[in-house]
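Asks: Structure below; questions to follow.
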Amino acid sequence: MMSAISCLLLAIFLTVPGFASAQSYPDRPIRLVIPFATGGFSDIAGRRIGQAISESLGVPVIAENRPGAGGLIGADIVAKAPPDGYTLLLGSNGPISVGPLLYPKVPYDPIRDFAPIITLGVSPIALVVNPSFPAKNLKEFISYLKENPSKVTVASPGIGTSSHLAAELFQEMTGTKMVHVPYKGSGPSMNDLVAGQVNVAFDPLSSSLPFIKSGQLRALAVTSEKRAPWAAEVPTLNEAGVTGYEASTYVALLAPAGTPKPIIAKLNAAAARALETTAVAESFANFATVPLGGTPEQLADYIQRDLNKWKKVIKQSNIKIE
């Protein structure tokens, strides 16, 4: 038989917002909105994570691709969904850390309208050059840029992409200047870099790694805080001389703002277990992404720091989406 104090404590807990709903959560399918088209890393990672969360929580997790406007359309759907834990977002730099800074009329606020759940993984970007480029390491590369201002071409998959912003941040931190050549996607930019039509690129390691391994491109550094396990011989920009540089991309799980904390806690625990599964680890490794994890608070801090960093870069570089 429960004591009077136990009954009182139970009554108090049941009046806490979200406690009662969290007790039965989840009792129906969860929708995971992937704000990009099928076939890419976000789609594959989202489906693997969703399947593992489904197995952990015992309900279906239905992946729904809602591409458009660099991920903004899918993110807006989640921002406006009921905060009950049944609509989640596979977030990333585009719709969370960069898009809201580049587009003039974004219908949501990346901080106010989402409840962070967990950082799923981070992906380094590689600073790569054509093998014919005279610089053999980062020190030589920076010296060459300073001796030849605005003569080196830097390719990117497009204006405002993570690759473009990584290059702009590098130039600001090193006092160098390159000529930006935007492409429509990473594939065309890599093809032209290999062919020698452009000199350098800050490209996701997932797409540049095959060229690095085959000797078609030379990697001078990676942009992550730590060396990438798939290219352990390549130093980070930070350790190679650009102190404090970091420009990784990320994938994360978010819910609509106002989702009860007990539900967020359940989702965080389920996603953390998902990151430990072989299926998720293999899919992440195929795209040179390091599983991360952590608390909702750590993700919130990461997003805020990312926003602050790119806001400064976008303003100083006067980057605009036409």
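Asks: With assigned to a helix (DSSP H, G or I) and either within 13 Å of the chain's Cα centre (by Cα) or more than 27 Å from T161 (Cα to Cα) (or both) as the only criterion, which of A274, A252 stands out? Quick ask: steps written out before the conclusion?
Replies: On the way: A252 fails: assigned to a helix (DSSP H, G or I).
Every option except A274 fails the conditions.
Asks: Now, a different point. Pick out the one residue from G99, G85, G91, G50 that is of a type outside the set (A, V, I, L, M), touching a Phe, Trp or Tyr at 6+ places or on another chain (Cβ under 9 Å), open to solvent by less than 30 Å² (accessible area, probe 1.4 Å) and not in a loop (DSSP other than H, G, I, E, B).
Replies: From the options G99, G85, G91, G50, the qualifying one is G91.
Asks: Something else: Take the stretch 164-194 and flag every residue that is of a type in the set (S, T, N, Q) and modelled with pLDDT under 95.
Replies: Within the stretch 164-194, S186, S189, N191 qualify.
Asks: Scan the stretch 283-295 and give yes if some residue there is surrounded by 22 or more Cβ atoms within 10 Å (Cβ to Cβ), at pLDDT below 95 and part of a helix (DSSP H, G or I), otherwise no.
Replies: Among the residues of the stretch 283-295, at least one is surrounded by 22 or more Cβ atoms within 10 Å (Cβ to Cβ), at pLDDT below 95 and part of a helix (DSSP H, G or I), which makes the answer yes.
Per-residue answers, yes or no, for (1) open to solvent by 60 Å² or more (accessible area, probe 1.4 Å); (2) touching a residue at least 24 places away in the same chain (Cβ under 8 Å); (3) at positive phi:
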residue	(1), (2), (3)
A247	no, yes, no
A257	no, yes, no
K261	yes, yes, no
E276	yes, no, no
Y302	no, yes, no
D306	no, yes, no
W310	no, yes, no
S317	no, yes, no
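Asks: For the structure I just gave you, tell me whether K226 is within 22 Å of E246 (Cα to Cα), in a loop (DSSP other than H, G, I, E, B) and open to solvent by 10 Å² or more (accessible area, probe 1.4 Å). So that I can check it myself, show each step before the final result.
Replies: Working: within 22 Å of E246 (Cα to Cα): yes; in a loop (DSSP other than H, G, I, E, B): yes; open to solvent by 10 Å² or more (accessible area, probe 1.4 Å): yes.
So K226 fits the description; yes.
Asks: Out of the residues in the stretch 180-202 that are touching a helix residue (DSSP H, G or I) at 6+ places or on another chain (Cβ under 6 Å) and outside any helix (DSSP H, G or I), which is nearest to I159 (Cα to Cα)?
Replies: Only one residue tops the list, namely Y183.
The values are calculated or read from the model by the stated rules, or taken from the named source; none is laboratory data. What you are looking at is a predicted structure, and each value in this text was computed from that prediction instead of being measured. Cβ sites come from the backbone with ideal geometry, for glycine too, and all protein chains shown count toward neighbours. The protein model used for the area step is the full one, side chains on, heavy atoms only, and it has no ligands, DNA or RNA in it. Shrake-Rupley method; radii C 1.70, N 1.55, O 1.52, S 1.80 Å.
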